[in-house]
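Read-outs: derived from the displayed coordinates by stated rules, not from any lab. These numbers come from a predicted model, not from an experiment. When we count neighbours, we look across all protein chains shown, and the Cβ atoms used for this are built from the backbone with ideal geometry, even at glycine.
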Amino acid sequence: MKTTLTINDFKAMLECALKNIREREEEFSRLDAVIGDGDHGQAIVTAMSAIVETARKGTEFKSMLNDMGFDVMLQVSGSTSTLLGAFFLGMSDCAEGMELDAEGVRRMFAGGLSNVQQQTQAKPGDKTMMDALVPAIEAMQHCAGDDIIAIMQAGASAAVAGAESTVQMKANFGRARNYGERSIGFADSGAMSWSCMFQSFAQALQP
């Protein structure tokens, strides 16, 4: 049972995400090559590296998340960094102090999703990272109780299931939609990398 999330817990979650995403870089780029330009692995590693670098200097949630969001968008070009930046900037609007309770964690992640939704028209079912992100945040909101580990595990499980569901989808968004039926049979690279991030967040909190 874990009832508070400290700033150091969150930094550990980010470090775990960078480590696991880096280990799967080639997998994400291979998936992206099916219906994209094949650079998503490199893009998400570069973006997460910038995010972690900034987070290491953070002392409280609001300013740290704000700096993470702005820095990744300034330092790294492309849609991957724009969406990750939006996610953390949205979180910064809904978090403050050096530790959060369960309700604070749910509110912070909901703020991240809300801001991403202002940056993209993509919705679940379009075969994008939103197929992992939206179910993850919804599962966290519906996970009652005060145990932050359980909340993050609920988010991780939903993100993974959402990412796996993209295998059967036809891409409806961005350049990938030009591939039509040929996009079916492969998971979306963005959904897979974002689900990896949520898995890592839950993994880092395991006692």
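Here, P(r) means the percent of Cα pairs in each 10 Å bin from 0 to the largest distance; for segment 116-207 it is 20, 45, 26, 9, 1.
The HN-Hα couplings worked out from phi for segment 58-74 by the Karplus form 6.51 cos²θ - 1.76 cosθ + 1.60 (θ = phi - 60°) are x, 10, 8, 4, 4, 5, 5, 5, 4, 5, 4, x, 5, 4, 5, 6, 6 Hz, whole numbers, x standing for Gly and Pro. Helices in the chain, meaning DSSP H runs of at least 4 residues, each add -39500 (n - 2.57). Divided by all residues, the mean residue ellipticity at 222 nm is -21500 deg cm²/dmol. Add +1 for every Lys or Arg and -1 for every Asp or Glu among the other residues with Cβ under 14 Å from the Cβ of residue 162, and state the total. With Lys, Arg at +1 and Asp, Glu at -1, the net is -3. Positive contributions from Lys and Arg (+1) and negative ones from Asp and Glu (-1), summed over other residues with Cβ under 10 Å from the Cβ of residue 43, come out at -4.
Taking Cβ atoms as reference points and 10 Å as the exclusive limit, the residues near residue 131 contribute a net charge of -1, counting Lys and Arg as +1 and Asp and Glu as -1.
Exposure proxy for 4, 166: other Cβ atoms within 10 Å of each Cβ, ordered fewest to most, give 4, 166.
When the Cα positions of 186, 41, 130 are compared along the charge dipole of the chain, 186 comes out farthest toward the positive end, with charges on each C-beta of Lys, Arg, Asp and Glu. Shape of the chain from its Cα gyration tensor (a ≥ b ≥ c, root eigenvalues): rounded if a/c is under 1.5, otherwise prolate when a/b > b/c, or oblate? Prolate shape, in that a/c is at least 1.5 and a/b is the bigger ratio. Ordering 134, 72, 34, 167 by the number of other Cβ atoms within 10 Å of each residue's own Cβ, fewest first, gives 167, 34, 134, 72.
Close amide H contacts of residue 2 (hydrogens built in the peptide plane, cut-off under 5 Å, sequence separation of 5 or more or a different chain): 148, 149, 150. Listed by chain and number, the lysines placed with their C-alpha closer than 17 angstrom to that of residue 123 are 170; residues fewer than eight positions away on the same chain are left out. Exposure proxy ranking for 71, 188, 131, based on other Cβ atoms within 10 angstrom of each Cβ and starting from the fewest, stands as 71, 131, 188. When only alpha carbons are used to place a centre, segment 12-84 and segment 130-207 end up 16 Å from one another. When the Cα atoms of segment 50-142 are aligned to their principal axes, the ranges along those axes come out at 38, 34, 17 Å in descending order. With the convex hull drawn around the C-alpha atoms of segment 50-101, the volume per residue stands at 64 Å³.
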